[in-house]
Amino acid sequence: MAFTQHDLSLGASTVAPTGASGGNQITSDMINLLYDIPLGDTWKFTVGGGLGIGGVRGALRTNGTSFDIFRGATSAINAAIGALKRLHQIRTLPLAKLAVSQNGL
């Protein structure tokens, strides 16, 4: 989840004798799910998907009146299919062998 907000302040002018203020807001949220399908001891195939939503709003206030300059929202669906990955095996020594090799040094 993400949110950001930015403020805007303008001094007095012929268009807005008392000045103007406003800003924008952006909100978004996304969730993804992935699943690894084992293809053996060292290979996996990943499939998954996700959903996301977002919204944006920009406003300006002048002379006691508020205006929406822009406003919108969207949603999205994504899919992830076919990420093939190889797992690297970590080789470990049994503790008994490790103790013997340390004593032998």
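The values are calculated or read from the model by the stated rules, or taken from the named source; none is laboratory data. Quick caveat: nothing in here was measured; it's all calculated off a predicted structure. With ideal geometry, Cβ positions are generated from the backbone for all residues, glycine too; neighbour counts draw on all protein chains shown.
What pairs come up if the first residue lies in the range 64-82 and is assigned to a strand (DSSP E or B), the second is modelled with pLDDT under 85 and surrounded by fewer than 10 Cβ atoms within 10 Å (Cβ to Cβ), and their beta carbons are under 9 Å apart, counting only those six or more places apart or on different chains?
none
Restricting to the range 56-81, name every residue that is of a type outside the set (A, V, I, L, M, F, W, C) and either farther than 14 Å from THR27 by Cα or surrounded by 14 or more Cβ atoms within 10 Å (Cβ to Cβ) (or both).
Of everything in the range 56-81, those that are of a type outside the set (A, V, I, L, M, F, W, C) and either farther than 14 Å from THR27 by Cα or surrounded by 14 or more Cβ atoms within 10 Å (Cβ to Cβ) (or both) turn out to be ARG57, GLY58, ARG61, THR62, ASN63, GLY64, THR65, SER66, ASP68, ASN78.
Looking at the range 48-55, can you tell me whether even one residue there is touching a strand residue (DSSP E or B) at 6+ places or on another chain (Cβ under 6 Å) and either exposed (fewer than 11 other Cβ atoms within 10 Å of the Cβ) or of a type in the set (Lys, Arg) (or both)?
The answer is no, given that none of the residues of the range 48-55 is touching a strand residue (DSSP E or B) at 6+ places or on another chain (Cβ under 6 Å) and either exposed (fewer than 11 other Cβ atoms within 10 Å of the Cβ) or of a type in the set (Lys, Arg) (or both).
For the range 37-63, which residues satisfy the criterion of being in contact (Cβ under 8 Å) with a residue 12 or more places away in the chain and in contact with a Lys or Arg (Cβ under 6 Å, 6 or more places away or on another chain)?
THR42, TRP43, LYS44, ARG57
Taking into account only those residues within the range 13-38 that are surrounded by 14 or more Cβ atoms within 10 Å (Cβ to Cβ) and more than 25 Å from the chain's Cα centre (by Cα), which is modelled with the lowest pLDDT?
Applying the filter and picking the extreme gives ALA16.
Which number in (1) assigned to a loop (DSSP other than H, G, I, E, B); (2) surrounded by 11 or more Cβ atoms within 10 Å (Cβ to Cβ) marks the one condition that ASP41 misses?
For ASP41, the failing item is (2).
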